[in-house]
Amino acid sequence: MVSDPILQIALPGPLRRLYDYLPPKESAQVPIVGCRYQIPFGRSSRTGILIAVKAASEIEPEKLKRALRQIDPQPLLGAADLRLLHWAAAYYQHPLGDVIFNALPVTLRRERSPTGVSERGLRLTAAGTAVEAASLRRAPKQLALLNALAETPQGMERSTLMSRHRISQGVIRSLLDKGWIESCPIQEPVQPTARPAKIVLNPEQREAVDQVRRHLGSFRPFLLHGVTGSGKTEVYLRLIETVVANDQQALLLVPEIGLTPQLLQRFKKSMGEGVAVLHSGLSDGERERVWQAMRQAQRPILIGTRSAVFTPMPRLGLIIVDEEHDLSYKQQEGFRYSARDLALVRGQQRGCPVVLGSATPSLESLRNSAEARYTRLNLTQRVGSARMPALMLLDIRSVHLDGGLSPALIKQLRQTLDAEEQALLFLNRRGYAPLLTCHACGWLTDCPRCDARMTHHRQSRLLWCHHCGHQRREPDHCPSCGSADLRPVGQGTERVEESLQRLFPGTPLARIDRDSTSRKGSLEVLLSRIRAGDYPLLLGTQMLAKGHHFPDVTLVAILDVDQGLFGADFRASERMAQLVLQVSGRAGRAGRPGRVLIQTRHPDHPLLQLLTTKGYEAFASEALEERRAAAFPPFSHQVLLRAESTKAADPEHFLKQAVKLGRELNGSASLEFWGPVPAPMARKAGKTRAHLLIQSAQRQPLHQWLMAWVAGLTQLSGSRRVRWSVDVDPQEML
Ligand code: ADP
Ligand code: ZN
Ligand code: ZN
């Protein structure tokens, strides 16, 4: 008895503690760290993961319970994987169990792996193939389903089957029950692209590839700053080819898979089956299969979004983070980590190079490369004969706008269309108009649950709050005075679409935003038709802004840049500049030169001036100087404590206790406490929200203090009346 080792088990959930258990009864297995265990918990049982094996427990021996069984014969997570997760839990002050279970595929967070029911595709079984059509005379839908699947032996997506062949869930279920069809994974189609057999790298690309190649096998961070269209993807491809040839694995993180079908195709075309893809669109079963394939090093290349940074890859030899400045690398809820920053930690722990690529690097990364912590690689030229587009500000003060478009812009659009070129219009606001107002009494479409207006969506006849999701039918009459004179205020993409159709009747237009592409697969179809030249006019939100290579676009118009100029957040101008340059980067990517027109009411704004005349680098060094003067990140380090509650006074009450505790623990560390203050949107989804910002010139004392503080926060009386969270290196103050 006494010699039993103690199993230290982590469980998912908010509690910041681990649990001690004895090994399962009559188990011959030696406990292995990284395996899952089923353990008794209260009156039921739960699945946990073994973190450490100890000689003794602080719990009295007679109170210790036995684990029920060891679930995995082999560890799911190796020592290197756990090391990264330990680091992340400590750095972000998030409960270790939650961090670990976050890193597992959903199917493995429970005791058993479910059967393949969650897979996206369906195909015929042998029994299904043998069914005779005549026997299904009275079941035409079942027959239609079997016929459809007979034509697609590789399987068909459920959603396609249901929409194209008008087949219901019920029919699918009954055929699954009969064993005539079965679930199967769906292979992403690889469409052949017109890629030249082998691209000859230009000297800058060559230099970038050579530099990173020289450092394979050891940790070194690189910042690949390549202007839009400079061929960064080609650099990634060559590097990954080398890593694969060395029999190692490569991880490529991208902001959003849906927006990068071209990148995927390029990789699949040159690497074929070696490429695995991990993104939120996969079913749970598909995710687990990809995860297992990487963990067992069956595939050399993983392309994935944020959470892919945690995927076990025993032979990891290179990490690339594309568009490293992108906000989507930061998880904004629950476990609030930065996948970009964790990629660097992972590279350091594993001893491999990490390449951060961007046309508009974050100020953090620019500073790191200025201080020689990152090796800088530059691609200053567009590939081939393409040139960078010229940026022009269009002053729209006292100009009559027609549906959001100035006369000068309309004229340029007309010229572009006459020359049979493509024009892209960017407006980062979906819906018809940001609000409706009653012309008789001034009533506005306020969201009842937020300090925000409800957006008018005309096509779906809705008022829709983009902050909490609240929806209501579009009213015919003012709910306050009964007047029928309700008017939209401002422009959303739906409304601009309407104006463009009026101004350029008969010209095909593709609108790309979350509403127009909500159907699965519709974005890919639209993007490939755009590349095929089916649409002279393109209009969209940031979904249209990033990464795409549309060779025929010569004119890009940014309809409203001013939203980004005066944001409350100190990062607002950085985000504005990145977005402007990313959108601009869609212009003139092939032979014909591109132009970018930026509509603004503040043409003299110094940052806009700098950006349009001198470019991103100049803008960034100016913005960095401002940050330095104000002691903002990256010249200081921040932690944000958020609190929210349905009771208005609770968040502030808790945060005041938190400040008091924080100051007591501060000691000699020179931390600054800002707040508590109401959040920029003080009421959201029916809750009152406030926050407290802590800033420090040095990272080390901040983190030492943070650990003690977070432990103390859980003990504060006010903490039980609010929902609170800690955000280390917050990216948004929302
Ligand atoms: P970025 O990611 O920097 O915006 P891409 O990698 O998408 O640029 O490259 C733009 C286009 O140029 C792609 O179609 C790519 O195949 C092509 N390309 C890249 N490098 C070269 C090269 N050295 N010579 C010719 N074409 C190239
Ligand atoms: Zn009214
Ligand atoms: Zn709302």
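The values are calculated or read from the model by the stated rules, or taken from the named source; none is laboratory data. Bear in mind the structure is a predicted one, so any value in this text is a computation, not a measurement. Heads up, the Cβs are rebuilt from the backbone with ideal geometry, glycines too, and the neighbour counts pull from every protein chain shown. Only protein heavy atoms, including side chains, enter the accessible area calculation; ligands, DNA and RNA are left aside. Shrake-Rupley method; radii C 1.70, N 1.55, O 1.52, S 1.80 Å.
The table below lists the values:
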{"quantity": "Percent carbon-and-sulfur accessible area, the range 582-730, ignoring ligands, DNA and RNA, probe 1.4 Å", "calculated": "53"}
{"quantity": "For the range 242-255, Karplus couplings with θ = phi - 60° (6.51, -1.76, 1.60), whole Hz, Gly/Pro x", "calculated": "4, 4, 5, 5, 7, 6, 10, 10, 10, 10, 10, 8, 10, x"}
{"quantity": "Mean Cβ count within 10 Å, highest first, over the residues of peptides 351-362, 439-450", "calculated": "351-362, 439-450"}
{"quantity": "Relative contact order of the chain, pairs being alpha-carbon contacts under 8 Å that are 6 or more residues apart, as %", "calculated": "10"}
{"quantity": "DSSP bridge orientation in the range 1-133 - percent antiparallel, rounded to nearest 5", "calculated": "95"}
{"quantity": "Under 18 Å from the residue 109 label point (7 Å along Cα→beta-carbon), backbone N, the range 52-81", "calculated": "76-77"}
{"quantity": "Cα centroid of the range 372-411 to Cα centroid of the range 306-329, whole Å", "calculated": "30"}
{"quantity": "Extension gain from residue 446 to residue 399, taking 0.36 nm per residue of separation minus the Cα-Cα distance", "calculated": "14.0 nm"}
{"quantity": "Nearest-0.05 FRET efficiency for residue 371 and residue 417, computed from C-beta distance (R0 60 Å)", "calculated": "0.80"}
{"quantity": "Antiparallel bridges, percent of DSSP beta bridges restricted to the range 204-357 (to nearest 5)", "calculated": "5"}
{"quantity": "Spread of Cα-to-Cα distances over 5 Å intervals beginning at zero, given as percent, for the range 264-322", "calculated": "4, 18, 32, 28, 16, 2"}
{"quantity": "Farthest positive-ward along the chain dipole, Cα basis, beta-carbon charges - from 450, 700, 392", "calculated": "450"}
{"quantity": "Alpha-carbon centroids, the range 538-604 and the range 248-273: separation in whole Å", "calculated": "25"}
{"quantity": "Net +/- balance of residues flanking residue 471 in space, Cβ distance below 13 Å, scoring K and R +1, D and E -1", "calculated": "+2"}
{"quantity": "Percentage of interatomic Cα-Cα distances in the range 203-373 larger than 26 Å", "calculated": "20"}
{"quantity": "For q = 0.16, 0.19, 0.21 Å⁻¹, Debye-computed log10 I/I(0) when each Cα of the range 119-184 counts as one equal scatterer", "calculated": "-0.43, -0.61, -0.77"}
{"quantity": "Full-extension gain in nm, residue 165 to residue 55, via 0.36 nm per residue minus C-alpha separation", "calculated": "33.4 nm"}
{"quantity": "The chain, accessible area per residue, ligands and nucleic acids excluded (1.4 Å, Å²)", "calculated": "45"}
{"quantity": "Across the chain: Cys residues that no other cysteine approaches within a C-beta distance under 4.7 Å", "calculated": "35, 184, 352, 468"}
{"quantity": "Share, in percent, of DSSP beta bridges within the chain that are antiparallel, nearest 5", "calculated": "55"}
{"quantity": "Whole-percent carbon and sulfur share, accessible surface of the range 203-373, 1.4 Å", "calculated": "44"}
{"quantity": "Computed lengthening from residue 617 to residue 26, 0.36 nm per intervening residue step minus Cα-Cα distance", "calculated": "206.2 nm"}
{"quantity": "P(r) tail fraction, the range 413-470 - alpha-carbon pairs more than 15 Å apart, %", "calculated": "60"}
{"quantity": "Accessible surface ranking that places the most exposed of 171, 200 first, with a 1.4 angstrom probe", "calculated": "200, 171"}
{"quantity": "Range of Cα positions in the range 485-638 per principal axis (Å), largest first", "calculated": "53, 50, 33"}
{"quantity": "Dimensionless Rg ratio for the chain, taking C-alpha atoms and the 2.2 N^0.38 Å reference", "calculated": "1.04"}
{"quantity": "Reachable lysines, given that their alpha-carbon falls under 26 Å from the alpha-carbon of residue 232 and they are not under 8 places away in the same chain", "calculated": "198, 268, 269, 330, 546, 614"}
{"quantity": "Residue 660-residue 65 pseudo-label distance in nm [points 7 Å out on the Cα-to-Cβ vector]", "calculated": "3.8"}
{"quantity": "Highest average packing first - 97-109, 580-592, Cβ atoms within 10 Å", "calculated": "580-592, 97-109"}
{"quantity": "Heavy-atom accessible surface of the range 6-112: percent carbon and sulfur, 1.4 Å", "calculated": "54"}
{"quantity": "Per-residue HN-Hα couplings for the range 506-518 [Karplus 6.51, -1.76, 1.60; θ = phi - 60°; Hz; x = Gly/Pro]", "calculated": "x, 8, x, 10, 10, 9, 10, 8, 5, 6, 6, 10, 6"}
{"quantity": "Where labels lie 7 Å past Cα in the beta-carbon direction, separation of residue 477 and residue 349 in nm", "calculated": "6.4"}
{"quantity": "Per-residue HN-Hα couplings for the range 707-714 [Karplus 6.51, -1.76, 1.60; θ = phi - 60°; Hz; x = Gly/Pro]", "calculated": "4, 5, 5, 4, 4, x, 4, 5"}
{"quantity": "Ellipsoid semi-axes in whole angstrom, largest first, where each is sqrt(5λ) of the Cα gyration tensor of the range 637-728", "calculated": "23, 14, 10"}
{"quantity": "Neighbour-limited loop hits for trypsin sites (Lys or Arg not before Pro), the range 191-276 (at most 12 other Cβ within 10 Å; DSSP other than H, G, I, E, B)", "calculated": "198"}
{"quantity": "At R0 = 45 Å, FRET efficiency that the Cβ-Cβ distance of residue 176 and residue 703 yields, to 0.05", "calculated": "0.30"}
